[in-house]
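K.L.:
My questions will all concern the structure given below.
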Number of protein chains: 4
Amino acid sequence: MTISPQSVARIGLIGSGWIGAFHAETIAHRIPGATLVGVADPQPGAAERVAGPLTGPLGEPRAYLEAAALIADPEVDGVVISSPAFTHTDLVVAAANAGKSVFVEKPMALTLADADRAIAAAASAGVHLQVGFNRRFARDFAAAREVIAQGGVGTPQLLRSVTRDPGLANPGAVKPWTIFLETLIHDFDTLNWFNAGARPVEVFAMADALVAPEFKSAGLLDTAIVTIRYNNGAIATAEANFSAAYGYDVRGEVFGSAGMVTAGDLHATGMRHYSSAGAQSPTARLNIDLFHQAYTDELVAFADAVRGKAPRRDSQVPSGHDARAALEIALACIASVDEQRPIALGQHS
Amino acid sequence: MTISPQSVARIGLIGSGWIGAFHAETIAHRIPGATLVGVADPQPGAAERVAGPLTGPLGEPRAYLEAAALIADPEVDGVVISSPAFTHTDLVVAAANAGKSVFVEKPMALTLADADRAIAAAASAGVHLQVGFNRRFARDFAAAREVIAQGGVGTPQLLRSVTRDPGLANPGAVKPWTIFLETLIHDFDTLNWFNAGARPVEVFAMADALVAPEFKSAGLLDTAIVTIRYNNGAIATAEANFSAAYGYDVRGEVFGSAGMVTAGDLHATGMRHYSSAGAQSPTARLNIDLFHQAYTDELVAFADAVRGKAPRRDSQVPSGHDARAALEIALACIASVDEQRPIALGQHS
Amino acid sequence: MTISPQSVARIGLIGSGWIGAFHAETIAHRIPGATLVGVADPQPGAAERVAGPLTGPLGEPRAYLEAAALIADPEVDGVVISSPAFTHTDLVVAAANAGKSVFVEKPMALTLADADRAIAAAASAGVHLQVGFNRRFARDFAAAREVIAQGGVGTPQLLRSVTRDPGLANPGAVKPWTIFLETLIHDFDTLNWFNAGARPVEVFAMADALVAPEFKSAGLLDTAIVTIRYNNGAIATAEANFSAAYGYDVRGEVFGSAGMVTAGDLHATGMRHYSSAGAQSPTARLNIDLFHQAYTDELVAFADAVRGKAPRRDSQVPSGHDARAALEIALACIASVDEQRPIALGQHS
Amino acid sequence: MTISPQSVARIGLIGSGWIGAFHAETIAHRIPGATLVGVADPQPGAAERVAGPLTGPLGEPRAYLEAAALIADPEVDGVVISSPAFTHTDLVVAAANAGKSVFVEKPMALTLADADRAIAAAASAGVHLQVGFNRRFARDFAAAREVIAQGGVGTPQLLRSVTRDPGLANPGAVKPWTIFLETLIHDFDTLNWFNAGARPVEVFAMADALVAPEFKSAGLLDTAIVTIRYNNGAIATAEANFSAAYGYDVRGEVFGSAGMVTAGDLHATGMRHYSSAGAQSPTARLNIDLFHQAYTDELVAFADAVRGKAPRRDSQVPSGHDARAALEIALACIASVDEQRPIALGQHS
């Protein structure tokens, strides 16, 4: 496959769940220079349901039952993987081996060995490997990172990252350790990215099932606070909860020797209403509302990479190594909860 | 020309200045179900410069020197007019007469007679006529309008609309009365839209050249405050200035018997920075930053109309009648400044 | 009467309505170096009702039926006048003639002749004369004034001042022109103070009875927007309404060649609440909540003057001349509404 | 000593350091119904320096070298203790034994045994014992507590309390464990108060000397994050740092099953400035600015208690038991840092 910088990025999507369907629509409609050429989903009819309404000037995206067939399609330049987490690594490896650029939703892997395998496959094939840490592309988080990079907070000393999801529809369907491996992994990446150049060295986690305590015995953890010590001295907290009554709440804060920067806004818009009840305004309810622009821009960066363009800013595009670094913290959290003690990083690699 | 609801909207653009170029990029990249098929500009090479980089799956948009040729092109379903203001009416009429849907940048006309001519042409041809009052599509303004429509402020009593542009590069090139006809016309529409169902009955304007006083003798007015009385009793102010040091500042406020709603946010993002200098954060510098989403969504609504879909919300899409109503206020402002007295609406129609 | 800088300021209060009662409590409890020594009110028992609970270490404040008796009391160093507006000028003159420092609630006078009379009496007696434009002492308004004074907005071009009161309990009791003479007079002073060094030259007012339209025929105006042109080119609006559903709303804004400054916050505290209903927080409901600190600090400044101390910042303490300047605008508003045209200042002096 | 509800509270102050001097001024000037009758400080001349300028209508406060003499003074009804921390318990006990009401700055004690001793002395004497957790009286924190008490956040699940001081003038003078015993003890009380009815059961602390690392070997800890698990499942973090470049930063946040409430505002006033540099506004620089109202209102509550009035809201006034509960967490933090593990509460009592 040859890529010329000016060609259109022909993208195939694997996994047509709700975030997959949203990515499909983004690729079809909102990415200059990208086309959705195919959708793969093992469930009969699922790929068609997503592809049908997204017919573009080049016709309808093809539907596949087998991810392998989509990967093998010579008209697919890049693959977006949004299937269930446990399938990610194998699909990254297969796509990389086929010479395709890869965008994989987080988590890229569930073990460090798998993370290494994915990284190695991409490196060996020389393909672009990007991970779905979309928060890096949110305008306020990106602006915060810039302030940090320009020295606006000095040396980071205290960091915080928060993720609160708007609801827990089906507590019984949540796999054990999801809060660390799939939710807080965003926060771990954000903290690593904000505290660039530093390495986490110690992790302590407290977690519980407070939203749905009746599922705790089945392994549910829906609330957690993690403390992370970095080798530059900075101490960070990451916290998550699966059921925010007011919507989708993602915030970040970095405090250092020269100041503080914050990112994250709970309001849906700049509209404010004042009445006999006081001041009031709507809050953001869905991640695809709150991060609409970020979900678009991460795929703009991916499409640019597929078309042979360099990413606009290297440090913004999350790599396989970034996925591994966040995973290492998530795995330490699991150990910390299991052993009820702080975990030194490195010993669980 | 037959339109089926599922077809792609094939759009031609007239006028390739900077807002025209931005609309072209929006149509080419950010509008589901729309394609940019042509660009017309009388300046040799100008249309090509815009069209070239926007080559899509169906090839490169065609370039025309003559707007008439673009309008006549049978592969053009809808026309977006972003040429200089004085050309707008004739182009609306020509496009309507050719049976094309029309999106025209504000102001649609510079006289009420022209406004009536444009409205009549669209009505007679049965085509969709939409005006570029993009502010209606900004999320916070749209949310404010919803609150008003749902009774959240009760009966409007005091309204305010503000437009401050970030700079006045070439004061000598500003046509007389621009501040009313091209700038505040946005605010007049916003106020009419917020105070839906009411009719402006009296207008008083104070204006001056405070940014570039040396151009006042040549007719420049760069600062203005307009007071408008409506027939439901509400009193509104609209204010404009051509040179805000901090960027692009657009805000609205409606106060009524049950409360107040505000729209408009000066901050570029939700990022906040705190340092020894205090709290600080970047402001929005360009209208295409501040209204990026609004500029997209007004053309999404237009593309939907071209494809035969009804607009999502009738009251949101600005019509030829809305353009005429705003123009009537602008013309009264001119009379008010000339005669230094309040002007009753109706007498200058 | 001799004043030594270290003595306690012995203050007598005239008028024990609700703002009088609040001032009495402020003087008794919150002003270092001041003591409330007497209260005068012509209504039998009224002064006693205020004075009784405010017994201090020196005993209970004396009660008077006659203001003249309080003024004549040799143990009264300074007089605070908070009786009805029409009594203000005569009381200022009487107190000044008795050599007492005078703090008078706004408006100091209802005619320019009376204003001149008050100013002359204070000048002739060499006593301190201060007017109750408390907004100047509100921390955010004072900070805004500082930014302006330091050049932070450059040359003012557009100004705005807003007053919305929380309710109109008894529309029939409101004297004609109250909205200009007693409410917006605050805003006129604020605008003059923000635009220091400039002189208002033209005034246009629109006003109506929108809150209680049934009282319009009796002369009620409860809603108004005033436009003021200054001799430095700046154009200002002042707006008022007597019934804000959400509480007490006072805001200011100054825009100029180098930027903008705003003051005024609708929130009662920094607390914010987020729930399934979205974001919400209480608003300030009463002027004595919103301006608690300002009401205290204006009397701290007065007590300092009584004790022979210079005011901390000359430009902050509103003088008789400031009262006259604000009144001149209020009177022009009345003429403008009467004659339905802009009024040049000077012709109605 | 008999107390009648209407008498003036005669208050003596022990310790004339900077917070003592500030309390003295507050008592002398800002507390209705209170008088400062004496100041004790062992350093010759120190008490006089504070008392001199605070001469009131009853004359100059008396100065003492011996706290015992002040406590024994029959004209002292209540004692405010703001001497160094290690002296607090003995002074509380002495004042209680003398039948005086006691206000003691935090920490009331440095060991649980001392805390018990102070509580027992006050109980045995039947005197009011109040601790200087002023944050409870800050308007936004108090409003947040109200929202929680009314069920506005449902069951608390995640809490956060932050204290960042504006500077670390003399790192060498900071006693070991100050960050837990004197700084974060505020946050521990705030968290306990917000999560009323729950009991902390597990504590984990990470701390370091990041501001002044050269003093770490001498025992300095200037940065800390503490995680606390409560017996209602809620998990809290408390964080502190001794050197915020932007001023004094105190914030709280409580998230629960029904929503979230936040308190704390970094801005000095509601003024906002916009210029070519963007948006900017001053931040609060000193705790006596940020908490001016809270420092006053805690002493208003104390004076009310001295005069025999019940506190306005029982749950707002911090008791000896509250001081003990916060201390228990601080001591667990010390153990956690020493042993580098989570500490179960109870075992270190």
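K.L.:
If you scan the range B:35-66, which residues turn out to be closer than 24 Å to B:VAL300 by Cβ, open to solvent by 40 Å² or more (accessible area, probe 1.4 Å) and touching a helix residue (DSSP H, G or I) at 6+ places or on another chain (Cβ under 9 Å)?
P.N.:
B:PRO53, B:THR55, B:GLU60, B:ARG62
K.L.:
Follow-up question, since we're still on this one. Tell me which residues, restricted to the range D:255-289, are under 30 Å from A:GLY247 (Cα atoms), within 25 Å of the chain's Cα centre (by Cα) and in contact (Cβ under 8 Å) with a residue 60 or more places away in the chain.
P.N.:
Hits for the range D:255-289 are D:PHE255, D:MET260, D:VAL261, D:THR262, D:ALA263, D:GLY264, D:ASP265.
K.L.:
A follow-up question, please. Could you figure out which of (1) surrounded by fewer than 24 Cβ atoms within 10 Å (Cβ to Cβ); (2) assigned to a helix (DSSP H, G or I) isn't true of B:ALA196?
P.N.:
Here B:ALA196 clears every test but (2).
K.L.:
Here is a further query. Taking B:ILE71 and the conditions (1) of a type in the set (A, V, I, L, M); (2) within 21 Å of the chain's Cα centre (by Cα); (3) more than 12 Å from every other protein chain (Cβ to nearest Cβ); (4) open to solvent by less than 20 Å² (accessible area, probe 1.4 Å), which numbered condition does it fall short on, given that it satisfies the others?
P.N.:
If we test B:ILE71 against (1) of a type in the set (A, V, I, L, M); (2) within 21 Å of the chain's Cα centre (by Cα); (3) more than 12 Å from every other protein chain (Cβ to nearest Cβ); (4) open to solvent by less than 20 Å² (accessible area, probe 1.4 Å), just (2) comes out false.
K.L.:
In the range A:136-185, how many residues are in contact with a Lys or Arg (Cβ under 6 Å, 6 or more places away or on another chain) and within 30 Å of D:ASP165 (Cα to Cα)?
P.N.:
Selection size over the range A:136-185: 2.
K.L.:
Then there is this: What's the total number of residues in the range B:169-182 that are more than 17 Å from B:THR87 (Cα to Cα) and buried (at least 18 other Cβ atoms within 10 Å of the Cβ)?
P.N.:
Counting residues in the range B:169-182 that are more than 17 Å from B:THR87 (Cα to Cα) and buried (at least 18 other Cβ atoms within 10 Å of the Cβ) gives 3.
K.L.:
Among the residues of the range A:107-125, write down those that are open to solvent by 40 Å² or more (accessible area, probe 1.4 Å) and under 15 Å from the mean Cα position of the chain (by Cα). Explain how you work it out, then say what you get.
P.N.:
Here is the first cut: in the range A:107-125, the residues open to solvent by 40 Å² or more (accessible area, probe 1.4 Å) are A:110-111, A:113-114, A:116-117, A:120, A:123-125.
A:LEU110 - this is the single residue of the range A:107-125 that is open to solvent by 40 Å² or more (accessible area, probe 1.4 Å) and under 15 Å from the mean Cα position of the chain (by Cα).
K.L.:
Name the residue that is farthest from D:PHE302 (Cα to Cα), counting only residues in the range D:318-345 that are open to solvent by less than 40 Å² (accessible area, probe 1.4 Å) and not in a helix (DSSP H, G or I).
P.N.:
D:PRO342
K.L.:
Condition test on D:VAL201, is it of a type in the set (A, V, I, L, M) and buried (at least 22 other Cβ atoms within 10 Å of the Cβ)? Reasoning before the result, please.
P.N.:
Numbers: of a type in the set (A, V, I, L, M): yes; buried (at least 22 other Cβ atoms within 10 Å of the Cβ): no.
Considered against the rule, which asks whether it is of a type in the set (A, V, I, L, M) and buried (at least 22 other Cβ atoms within 10 Å of the Cβ), D:VAL201 comes out as no.
K.L.:
Which residues, counting only those in the range D:4-33, are assigned to a helix (DSSP H, G or I), open to solvent by 30 Å² or more (accessible area, probe 1.4 Å), among the β-branched types (Val, Ile, Thr) and within 12 Å of chain C (Cβ to nearest Cβ)? Can you show your working first?
P.N.:
Taking the range D:4-33 and keeping what is assigned to a helix (DSSP H, G or I), we get D:18-30.
This time we only want the ones that are open to solvent by 30 Å² or more (accessible area, probe 1.4 Å), so: D:18-19, D:21, D:25, D:28-30.
Checking which are among the β-branched types (Val, Ile, Thr) leaves us with D:19.
Listed by number, the list is empty, since nothing qualifies.
K.L.:
Going through the range C:256-274 one residue at a time, which ones are more than 7 Å from every other protein chain (Cβ to nearest Cβ) and within 22 Å of A:ALA279 (Cβ to Cβ)?
P.N.:
Matches in the range C:256-274: C:ALA268 only.
K.L.:
Taking A:PRO200, is it within 23 Å of D:ARG341 (Cα to Cα) and within 21 Å of the chain's Cα centre (by Cα)? Lay out the reasoning, then the answer.
P.N.:
Working: within 23 Å of D:ARG341 (Cα to Cα): yes; within 21 Å of the chain's Cα centre (by Cα): yes.
Yes: the conditions hold for A:PRO200.
K.L.:
Among what's in the range B:204-216 and is touching an Asp or Glu at 6+ places or on another chain (Cβ under 8 Å) and in a strand (DSSP E or B), pick the residue that is surrounded by the most Cβ atoms within 10 Å (Cβ to Cβ).
P.N.:
In this case the residue turns out to be B:MET206.
K.L.:
Looking only at the range A:152-178, count every residue that is part of a loop (DSSP other than H, G, I, E, B) and closer than 26 Å to A:LEU286 by Cβ and tell me the total. Let's see the steps before the verdict.
P.N.:
In the first step, residues of the range A:152-178 are kept if they are part of a loop (DSSP other than H, G, I, E, B); the result is A:152-155, A:165-170, A:174-177.
Subsequent filtering for residues that are closer than 26 Å to A:LEU286 by Cβ retains A:165-170, A:174-177.
Of the residues in that region, 10 qualify.
The values are calculated or read from the model by the stated rules, or taken from the named source; none is laboratory data. Here the structure is a predicted model, which is why all the values come from computation and not from measurement. In this analysis, Cβ positions are derived from the backbone assuming ideal geometry, glycine residues included, and neighbour counts consider all displayed protein chains. When the accessible area is computed, the model is the full protein with side chains, heavy atoms only, and any ligands, DNA or RNA have been set aside. Shrake-Rupley method; radii C 1.70, N 1.55, O 1.52, S 1.80 Å.
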